[in-house]
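*Asks:* So that we are looking at the same thing, I have put the structure below in structure tokens.
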Amino acid sequence: MIDIKPLASSSAGNAYRVSDGTTTLLLDAGLRFSDIRRGLDFRVSELAGCLITHEHGDHIKATRDIMRAGINVYASSGTLEAAGLVGHRAIAVKSKEQFTIGTWTILPFDVQHDVAEPLGFLLANSAGEKLLFATDTYYIKYRFQGLTHLMIECNYSSKILDENISAGRVSVAMKKRLIRSHFSLENVKDFLRANDLRQIQEIWLLHLSDGNSDAELFKQEIQELTGKLVYIADR
């Protein structure tokens with residue numbers, strides 16, 4: 001059974017622990033290492049690996065410490081180069097070329113963000129469960145079958161963003177960056193409608209904006225759309 005524990009999920013830092021009961025992984029490492037250790041109840045040695053989506057600091061802050069702790073870090077060549085991550089613990093992976101870590105079979109896929117070579121990850125375990133992890137992207141061109149767990153960015157609402165722009169709280173320049181780098185509530189809904197959700201057990205909404213989102217509204221609208229259990233990752 002897949003267990004998901006958000007350690008942090010915001011522009012200040014992103015990190016998530018996932019386990020299938022046998023193999024434990026860290027998805028992104030955008031916190032201080034001390035905070036990650038605390039979030040893992042100081043059981044860092046149980047981590048079998050760390051998957052990194054891209055090189056922004058709120059996703060890689062503790063990566064070097066993770067590697068020094070003897071844990072392999074997996075990311076695209078573009079991300080590793082942009083982040084300056086080298087050594088035998090820095091392992092390059094490619095979009096649409098699967099690899100394994102313990103009981104997980106992992107398929108990276110390309111996403112859309114304003115960085116070198118960002119990735120999302122589809123994780124399947126030996127029990128037949130499938131977890132999709134995608135953050136910091138404004139669009140996902142792929143469709144997925146048989147998902148049981150979904151961890152997906154839901155950064156902002158276009159309506160809330162436009163209201164903030166009208167009120168002078170957000171600049172037009174910020175809007176232009178958001179719509180080309182982050183997943184809106186509206187785009188998340190389109191993605192959900194386009195995918196096979198019949199086996200979904202739970203949906204986690206990640207990386208909500210501090211000022212351009214509404215956690216309760218997002219949760220309610222996704223639950224109404226899907227009929228599934230929805231959680232908001234801690235910010």
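Values quoted throughout were computed directly from the atomic coordinates according to the rules given, and no laboratory measurement underlies them. Every value quoted in this text rests on a predicted model; they were computed, and no experiment measured them. Glycine gets a Cβ as well: all are built from the backbone with ideal geometry, and neighbour counts include every protein chain shown.
*Asks:* Going Cα to Cα from residue 141, which aspartates and glutamates come in below 18 Å? Please leave out same-chain ones fewer than 8 positions away.
*Replies:* Of all the aspartates and glutamates, those that pass the test against residue 141 - Cα under 18 Å, at least 8 places apart if same chain - are 97, 110, 114, 117, 153, 186, 190, 196.
*Asks:* Which one, 148, 92, 211, projects farthest toward the positive side of the charge dipole computed for the chain from Cβ point charges (K/R +1, D/E -1)?
*Replies:* Going by the Cα projections, it comes out as 92.
*Asks:* So for the chain, taking the charge dipole from beta-carbon charges (+1 Lys/Arg, -1 Asp/Glu), which of 4, 125, 188 sits furthest toward the positive end?
*Replies:* Comparing the listed Cα positions along the dipole, 125 ranks first.
*Asks:* Percent antiparallel among DSSP beta bridges with both residues in the chain, to the nearest 5?
*Replies:* 55
*Asks:* Using only alpha carbon pairs under 8 Å that are at least six residues apart, calculate the relative contact order of the chain and give it in whole percent.
*Replies:* Relative CO of the chain lands at 15 percent.
*Asks:* Let me ask something else. Return the distance in nm (one decimal) between the two label points of a simple spin-label model at residue 42 and residue 163, each offset 7 Å from Cα along Cα→Cβ.
*Replies:* That separation, rounded to one decimal, is 4.5 nm.
*Asks:* Out of 178, 69, 229, whose Cα points farthest toward the positive end of the dipole of the chain (charges: +1 Lys, Arg; -1 Asp, Glu; placed on Cβ)?
*Replies:* Result: 69, furthest along the dipole toward the positive end.
*Asks:* By its C-alpha gyration tensor, with a ≥ b ≥ c as the square roots of the eigenvalues, how is the stretch 87-234 shaped: rounded for a/c under 1.5, else prolate for a/b larger than b/c, else oblate? Don't jump to the answer; show the numbers that get you there.
*Replies:* Numbers: a/c = 2.39, a/b = 1.41, b/c = 1.70.
Since a/c reaches 1.5 but b/c is at least a/b, the shape of the stretch 87-234 is classed as oblate.
*Asks:* Counting other Cβ atoms within 10 Å, which trypsin sites (Lys or Arg not before Pro) in the stretch 50-112 have at most 12 and lie in a DSSP loop?
*Replies:* Here the trypsin sites (Lys or Arg not before Pro) that fit, given the DSSP loop and packing criteria, are 96.
*Asks:* Could you give the dipole magnitude of the chain about its Cα centre, charging the beta-carbon of Lys and Arg +1 and that of Asp and Glu -1, in debye to the nearest 20? Present the calculation step by step, with values, prior to reporting the outcome.
*Replies:* Numbers: 27 positive and 29 negative charges, 57 e Å.
That gives a dipole near 280 debye.
*Asks:* Where is the GNM fluctuation largest for the chain (alpha-carbon springs, 10 angstrom cutoff): 86, 73, 188?
*Replies:* Evaluated over the chain, the most mobile residue of the options is 86.
*Asks:* Percent of alpha carbon pairs in the stretch 144-230 separated by more than 22 Å?
*Replies:* Considering the stretch 144-230, 28 percent of its Cα-Cα pairs are separated by more than 22 Å.
*Asks:* Then there's this: Be a star and scan the stretch 1-31 for residues whose amide nitrogen sits under 19 Å from the point 7 Å along the Cα-to-Cβ vector of residue 234.
*Replies:* Of the residues in the stretch 1-31, 3-19, 25-31 have backbone N under 19 Å from the label point off residue 234.
*Asks:* Additional query: Label-point separation (nm) for residue 98 and residue 174, each offset 7 Å from Cα along Cα-to-Cβ?
*Replies:* 4.2
*Asks:* Which shape class, rounded, prolate or oblate, goes with the stretch 6-144 when its Cα gyration tensor gives a ≥ b ≥ c as root eigenvalues, a/c under 1.5 marks rounded, and past that a/b bigger than b/c marks prolate? Can you show the working numbers first?
*Replies:* Numbers: a/c = 1.37, a/b = 1.08, b/c = 1.27.
Here the stretch 6-144 falls in the rounded category.
*Asks:* Run lengths n ≥ 4 of DSSP H only: what is the helix-derived mean residue ellipticity at 222 nm for the chain, with -39500 (n - 2.57) per run over all residues, to the nearest 500? Walk me through the numbers before you get to the answer.
*Replies:* Numbers: 8 runs with 62 residues, N = 235.
Estimated from H runs of four or more residues: -7000 deg cm²/dmol.
*Asks:* Taking Cα atoms, how many degrees apart are the long axis of helix 215-226 and the longest axis of the chain, rounded to 10 and kept between 0 and 90?
*Replies:* Here the helix axis deviates by roughly 90 degrees.
*Asks:* Checking the table 130/175; 130/159; 176/228; 5/175; 5/228; 5/189 against a 28 Å threshold on Cα-Cα, which pairs fail?
*Replies:* On the way: 130/175 33 Å; 130/159 32 Å; 176/228 32 Å; 5/175 30 Å; 5/228 18 Å; 5/189 23 Å.
Beyond 28 Å: 130/175; 130/159; 176/228; 5/175.
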